[in-house]
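Every number here is computed from the coordinates shown, using simple stated rules; none is lab data. Note that this is a predicted model, so its numbers are computed, not measured. Neighbour counts are summed over all protein chains in view; Cβ atoms, including those assigned to glycine, are modelled from backbone coordinates with ideal geometry.
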Amino acid sequence: MLRICVVDGQGGGIGSVIVKKLRESLAERVEIIALGTNAIATAAMLKAGANRGATGENALVRTVSRADVVVGSLAIVMAHSMMGELTPAMAEAISGSSALKLLVPMTQERVQVVGVKAEPLPHLIEELVGLLKKEVS
């Protein structure tokens, strides 16, 4: 079974939408682990359908090392993003993980990815789910 870690912070809004869509599309064929930078984000993703959840730096660092796929916004590989909630150790663990990383090109940081067209979040998540369906098949 594919182990997917969904990483989010602050209110967990993006992560919970991703979890909900993954659960609807992939049902029980995958294990979804919610990794929040805070308890509110983790709770939102659990409510959306994640199998398990954990909060904080150590939980994230330990768990992404055993993931098959890590999903989140582009900010999850940027130290000090999410208003400082994403620590350097978290960013290093995610970027250093051997897991496939599917990153939604959204960030509140002063970063723009050249060559990526602006799309509404629902379209980006549909594309992400489509890529994961191919991984599961």
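Brief remarks follow.
- Residues A118 and S25, FRET efficiency given R0 of 30 Å [Cβ-Cβ distance, rounded to 0.05]: 0.80
- Across segment 67-74, computed HN-Hα scalar couplings (Karplus, 6.51 cos²θ - 1.76 cosθ + 1.60, θ = phi - 60°) run 8, 8, 9, 10, 10, x, 6, 3 Hz from first to last residue, x flagging Gly and Pro.
- Dividing the mean sequence gap of close Cα pairs (under 8 Å, 6+ apart) by how many residues segment 42-137 holds gives a relative contact order of 24 percent.
- Derived scalar couplings between HN and Hα for segment 97-113 equal 5, 6, 5, 5, 10, 10, 10, 7, x, 10, 7, 8, 7, 7, 9, 10, 8 Hz in order, rounded to whole Hz, by the Karplus curve 6.51 cos²θ - 1.76 cosθ + 1.60 (θ = phi - 60°), x for Gly and Pro.
- Packing order of peptides 39-50, 57-68, 126-137, 107-118, highest average first: 39-50, 57-68, 126-137, 107-118 (average count of other Cβ atoms within 10 Å over each peptide's residues).
- Helices in the chain, meaning DSSP H runs of at least 4 residues, each add -39500 (n - 2.57). Divided by all residues, the mean residue ellipticity at 222 nm is -12500 deg cm²/dmol.
- Under 16 Å from a label point set 7 Å out along the Cα-to-Cβ vector of K47, the amide N atoms of segment 10-24 belong to 10-21.
- Each Lys or Arg adds one and each Asp or Glu takes one away; over the other residues whose Cβ falls under 15 Å from the Cβ of M1, this sums to +2.
- Once the chain from E126 to S65 is taken as fully extended at 0.36 nm per residue, the excess over their C-alpha distance is 19.4 nm.
- Dipole magnitude of the chain, debye to nearest 20 (Cβ charges: Lys/Arg +1, Asp/Glu -1, about Cα centre): 240
- Net charge over other residues, Cβ less than 15 angstrom from the Cβ of A44 (K, R count +1; D, E count -1): +3
- Kirkwood Rh (inverse of mean 1/r, distinct Cα pairs), segment 2-131, angstrom: 14.2
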